[in-house]
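> Dumping the structure here so I can ask a few things about it.
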Amino acid sequence: MKLGLCLEGGGAKGAYQAGVVKALYDGGINKFYSISGTSIGAINGYYLYTGNVDNLEKMWTNIKDIQNGNVKIVNNTVDNSPAIDNLRELDDSNIEEMNFYVNYVEVDNKVVSEKIVDVSKMPRNEAIISISYSGLLPSNPNATLGFKEQFVKDVQEGIYDGFKLDGGLIRSALIEPLIGDNVDKIILISTKYNYELPEDIKKVYDEDKIIVVRPNTQFAPKDTLNFDDEFCKTIYQEGYEIGKNILDRL
């Protein structure tokens, strides 16, 4: 069976997602024809792609060693260099044979567009750079508006011209490339407790073949940047328990 895995974005909520991935892996679900990831989903996906799922668990259950509980703003973006530096240190001698799609947005002349790349076709450094773009969240320290409104305003003012930014700004669950690969079933690990498949996906793919995995916790918007050690450990464990319970649906 050709199995696809879609890893939605969601910042620190990726700890829950990683727990699901580890439970699947421990349950023998560790071979995928294609995976896709957005933002933190792209970072989590790289651990899976390089056969480093045990290190994925270590990262999220020891997040204080990476983030130190702090979120740093650099050049109007949330600094993701600690997480990206971790990817560079991974042993990539056991890369799994699979397609691995990530998306990010490009801002050019005050216009935002989406770019989708298959990092499995790229040299290692180029792949990691694409993943870093996918997880680079805009954050204006002088913001006076809500997140979306502020981003639109900042784009129109040219603040982000030439930037490559978080793919979740356009869509946080990159399902389409997996459908394009004609996989037999898709596991979609969402970070939203109330996630529903988009209507345009239901029109082109049998929704009975998509297993949507949702957290039980209703996360708050602030949890996207909540890299508190205990928070990440708790939701990682929640994800692991949920992951164990979906094994019989595969």
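The values are calculated or read from the model by the stated rules, or taken from the named source; none is laboratory data. Bear in mind the structure is a predicted one, so any value in this text is a computation, not a measurement. Cβ placement follows ideal geometry from the backbone for every residue including glycine, while neighbour counts extend to all protein chains displayed.
> Would you mind telling me which numbered condition in (1) at pLDDT below 95; (2) among the aliphatic types (A, V, I, L, M); (3) not in a loop (DSSP other than H, G, I, E, B) LEU48 fails?
Result: LEU48 passes all but (1).
> Let me ask you something else. In the stretch 196-219, is there at least one residue being closer than 24 Å to LEU56 by Cα, touching a helix residue (DSSP H, G or I) at 6+ places or on another chain (Cβ under 6 Å) and part of a helix (DSSP H, G or I)?
The answer is no, given that none of the residues of the stretch 196-219 is closer than 24 Å to LEU56 by Cα, touching a helix residue (DSSP H, G or I) at 6+ places or on another chain (Cβ under 6 Å) and part of a helix (DSSP H, G or I).
> Would you check which residues across the stretch 180-224 are over 14 Å from ALA15 (Cα atoms), surrounded by 12 or more Cβ atoms within 10 Å (Cβ to Cβ) and of a type in the set (Lys, Arg) and list them?
Correct list: LYS185, LYS202, LYS209.
> I've got another one for you. Quick one: what pairs do we get from the stretch 1-18, first residue under 17 Å from TYR240 (Cβ atoms), second assigned to a strand (DSSP E or B) and of a type in the set (Asp, Glu), C-beta under 6 Å, 6+ apart or different chains?
Filtered contacts from the stretch 1-18: no entries.
> Going by what's in this entry, would GLY51 be described as touching a Ser or Thr at 6+ places or on another chain (Cβ under 9 Å) and surrounded by 24 or more Cβ atoms within 10 Å (Cβ to Cβ)?
Here the answer is no, as GLY51 does not meet what is asked.
> Let me ask you something else. Among the numbered criteria (1) at pLDDT below 95; (2) assigned to a helix (DSSP H, G or I); (3) within 16 Å of GLY9 (Cα to Cα), which one does PHE227 miss?
Exception for PHE227: condition (2).
> So is ASN75 within 20 Å of GLY167 (Cβ to Cβ) and surrounded by fewer than 12 Cβ atoms within 10 Å (Cβ to Cβ) or not?
yes
> Checking PHE163 against (1) loosely packed, with under 14 Cβ neighbours inside 10 Å; (2) within 21 Å of ASN80 (Cβ to Cβ), which single condition isn't satisfied?
Going through (1) loosely packed, with under 14 Cβ neighbours inside 10 Å; (2) within 21 Å of ASN80 (Cβ to Cβ) one by one, PHE163 breaks only (1).
> Quick check on VAL117: is it of a type in the set (Val, Ile, Thr) and in contact with a Lys or Arg (Cβ under 8 Å, 6 or more places away or on another chain)?
Against the criterion (of a type in the set (Val, Ile, Thr) and in contact with a Lys or Arg (Cβ under 8 Å, 6 or more places away or on another chain)), VAL117 does not qualify.
> Now for a separate question. Considering only residues of the stretch 102-140 that are of a type in the set (Asp, Glu) and loosely packed, with under 14 Cβ neighbours inside 10 Å, which is farthest from GLY11 (Cα to Cα)? Before the answer, list the steps.
Residues of the stretch 102-140 of a type in the set (Asp, Glu): 106, 108, 114, 118, 126.
Those still in the list that are loosely packed, with under 14 Cβ neighbours inside 10 Å too: 108, 114, 126.
Numbers: ASP108: 25, GLU114: 19, GLU126: 22 Å.
Checking each candidate, the answer is ASP108.
> Scanning for something of a type outside the set (Phe, Trp, Tyr), within 17 Å of ILE116 (Cα to Cα) and assigned to a loop (DSSP other than H, G, I, E, B), does the stretch 27-39 turn up at least one residue?
yes
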